[in-house]
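The values are calculated or read from the model by the stated rules, or taken from the named source; none is laboratory data. Everything quoted here is computed from the prediction, not taken from an experiment. Cβ: placed from backbone, ideal geometry, glycine included. Neighbour counts: every protein chain shown. SASA here: full protein model, heavy atoms, side chains in, ligands and nucleic acids out. Shrake-Rupley method; radii C 1.70, N 1.55, O 1.52, S 1.80 Å.
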Amino acid sequence: MTVPIIAPSILAADFANLQRDIDMVNESDADWFHVDVMDGVFVPNISFGFPVLEAISRHARKPLDVHLMIVQPERYVDEFARKGATHITVHYEACTHLHRVLTQIREAGCQAGVALNMQTPVDVLADLTDAFDQVLIMTINPGFGGQQLLPLSIPKVRKLRQLLQRAGSPALIGVDGGMGLSNTPTLVDAGADYVVAGTSVFGADAPLEAIRQLKRGHQPMVA
């Protein structure tokens, strides 16, 4: 099995001990920090914005993968880049002019990503494969952590992998929502390159070990 990129989601961290959790990710086998920005409009929850990202970036020693679950993301792309984002992902459903926004992200010096909600088919990206560096498949309905993965996302990842291969695109495929030890190998086998994991990391008794097992595709020793 391909070794996936692991991106712990800071949304699931302990915000009373945020630097401690950032230091843990720095010392772990994880590859990226995943930072979910929610506006209470595009999704029914509010998370955090520039001050928290800036605080994370001061301590993070790994790339900051910023996932904008917000309306009109083009208004904020440049500022997120200035605050330390290295990857910025916007939602297809939130962008009237998606190509323009992806170009803006690249011009800001970041890797450009597009996220697809569960009901959005991967075919909508067929004419844009040269415009993005990564695609994030939502494996839950976004807005809240701790949800169970929706099985329909597995064939969706396979279909996206086929689409990118036909186009000769090197873009990475990510999965986000309900990811843990029990389903990461399945999604990686289906074609995922990176895995966003929140509760399964920060809610674990031993987060460093949880990340190590996710990275290596190990199954839990105890059911």
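Points to keep in mind about this one:
- For Leu98, the solvent-accessible surface computed with a 1.4 Å probe is close to 10 Å², ligands and nucleic acids excluded.
- Per-residue ³J(HN,Hα) for the range 185-198, Karplus 6.51 cos²θ - 1.76 cosθ + 1.60, θ = phi - 60°, Hz, x for Gly and Pro: x, 5, 6, 5, 4, 6, x, 6, 9, 9, 10, 8, 10, x
- Taken per residue, the accessible surface of the range 108-223 reaches 44 Å², heavy atoms only and a 1.4 Å probe.
- Rounded to whole numbers, the Karplus 3J(HN,Hα) couplings from phi for the range 38-46 are 10, 10, x, 10, 5, 10, x, 8, 10 Hz, using 6.51 cos²θ - 1.76 cosθ + 1.60 with θ = phi - 60°, and x at Gly and Pro.
- When only alpha carbons are used to place a centre, the range 153-197 and the range 1-41 end up 19 Å from one another.
- Amide H contacts under 5 Å for Asp36, placed H, 5+ residues apart: Ile10, Leu11, His67
- Mean separation of Cα contacts under 8 Å, 6 or more apart, over the residue count of the range 133-219: relative contact order %: 30
- Our summary gives the range 1-80 a relative contact order of 32 percent, counting only alpha carbon pairs under 8 angstrom and 6 or more residues apart.
- Summing Lys and Arg as +1 and Asp and Glu as -1 over all other residues whose Cβ lies under 13 Å from the Cβ of Leu172 gives a net charge of -4.
- Förster-model FRET efficiency, 25 Å R0, Gln72 and Gln147, C-beta, rounded to 0.05: 0.45
- Most to least accessible of His59, His91, His99 (protein chains only, probe 1.4 Å): His99, His59, His91
- Computed over protein heavy atoms with a 1.4 Å probe, the carbon and sulfur contribution to the accessible area of the chain reaches 51%.
- Sum of -39500 (n - 2.57) over DSSP H runs of 4+, divided by residues of the chain (222 nm, nearest 500): -9000 deg cm²/dmol
- In sequence order, the range 15-20 has phi-based couplings of 6, 7, 9, 5, 5, 4 Hz under the Karplus curve 6.51 cos²θ - 1.76 cosθ + 1.60, θ = phi - 60°, and Gly or Pro positions carry x.
- Its relative contact order, with pairs defined as Cα atoms under 8 Å and 6+ residues apart, puts the chain at 22 percent.
- Per residue accessible area of the range 57-104, 1.4 Å probe, in Å²: 47
- Largest first and in whole Å, the equivalent-ellipsoid semi-axes of the chain read 24, 22, 15, each the square root of five times a Cα gyration tensor eigenvalue.
- Amide proton proximity set for Ile70, modelled H, under 5 Å, gap of 5+: His91
- Pairs of alpha carbons in the range 1-103 separated by more than 24 Å make up 24% of all such pairs.
- Built amide H within the under 5 Å cut-off of Tyr194, gap 5+: Ile5, Ile173, Gly174, Val175
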